[in-house]
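Below: the structure, in structure tokens.
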Amino acid sequence: MITLIAIWIWNPMLYINSSDFLKTYYRYLTTEEDTTFASTMPEAVLRTEANYGAEIDKLAAQFDLSPEYLKSLIILECSGLKKVKPRYERHIYRRLVNVREKKLDRFENITYANLKDATDEALKNMARSWGPFQIMGYKCIWLDIQLKDLRGDDALYWAVKWIDLTYGDYIRKKQYKDAFHIHNTGRPYPPAGPPKTYDPKYVENGLNYMKYFSDFKKMKSAKPNYLGAL
């Protein structure tokens, strides 16, 4: 902020012609946590790098997944914010209740045996999506972990492990269009017709964000002191 004010006082025209990235970086530094990605697209890339970049790079290498894909997915799901509120899905809760009450044989891989002792509050937490990847709570059963693990210090690890086990091969084959669609809908991109994602541009945006992160990575490699190298 002080730098930009000094430039403005010293030479207003220099300020106007200053690097767009410098101005973007300043806006990133002053961005509130509740700012949405839609209104701060360049900042979200920086925010995601600052909040998750180093850890995602390590996990991507560990599971042989594209870090650009994972970071773009974080932007789609939580705008790169660190404080992510869980999303409650009532229809998922009702299905879980029906399984527990033997009104439904199974929900995905979940059976009565998995839920017979679950309280209503536990089922509500299973019906919430958690963390920067917004992984549904009931996925903890398939991962054979406690739901708290999807919310704890190792939440990123378990989320990326779930992605790896569920559709990691699509990512490794660079079938990113299918991968984004699977994360949001559970199915690959349809061979014909529009996507089935809640946001028709979910997949398209994800692919575009991957390009942002690819360019960001190249710039950091070429210029170690690049302002974006947080």
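The values are calculated or read from the model by the stated rules, or taken from the named source; none is laboratory data. Computed from a predicted model, the values in this text were never measured in an experiment. Cβ atoms come from the backbone with ideal geometry, glycine included; neighbour counts cover every protein chain shown.
Being in contact (Cβ under 8 Å) with a residue 60 or more places away in the chain and surrounded by fewer than 22 Cβ atoms within 10 Å (Cβ to Cβ) is the filter here; which residues of segment 154-165 pass it?
LEU156, TYR157, LYS161, ASP164 - these are the residues of segment 154-165 that are in contact (Cβ under 8 Å) with a residue 60 or more places away in the chain and surrounded by fewer than 22 Cβ atoms within 10 Å (Cβ to Cβ).
Which residues, counting only those in segment 181-199, are loosely packed, with under 11 Cβ neighbours inside 10 Å and either more than 22 Å from ALA159 (Cβ to Cβ) or small (Gly, Ala, Ser) (or both)?
PRO191, ALA192, GLY193, PRO194
What do you reckon, is LYS82 at pLDDT below 95 and exposed (fewer than 13 other Cβ atoms within 10 Å of the Cβ)?
When the stated conditions are applied, LYS82 passes them.
Check ARG128 against each of (1) surrounded by fewer than 20 Cβ atoms within 10 Å (Cβ to Cβ); (2) in contact (Cβ under 8 Å) with a residue 24 or more places away in the chain; (3) farther than 21 Å from LEU65 by Cα and name the one condition it does not meet.
So the condition that ARG128 fails would be (1).
Out of all the residues in segment 138-153, which are crowded, with 21+ Cβ neighbours inside 10 Å and without any contact (Cβ under 8 Å) to a residue 24 or more places away in the chain?
LYS139, CYS140, LEU150
Which one of these does PRO132 not meet: (1) under 28 Å from GLU55 (Cβ atoms); (2) in a helix (DSSP H, G or I)?
Here PRO132 clears every test but (2).
Considering only residues of segment 90-116 that are in a loop (DSSP other than H, G, I, E, B) and modelled with pLDDT of 95 or more, which is surrounded by the most Cβ atoms within 10 Å (Cβ to Cβ)?
My answer is LEU104.
Scan segment 153-201 for residues that are in contact with a Leu (Cβ under 9 Å, 6 or more places away or on another chain) and at pLDDT 95 or above and report the count.
Here the count works out to 19.
Among residues belonging to segment 29-75 that are at pLDDT 90 or above, polar (S, T, N, Q) and in a helix (DSSP H, G or I), point out the one that is farthest from GLN175 (Cα to Cα).
Once the filter is applied, the top-ranked residue is ASN51.
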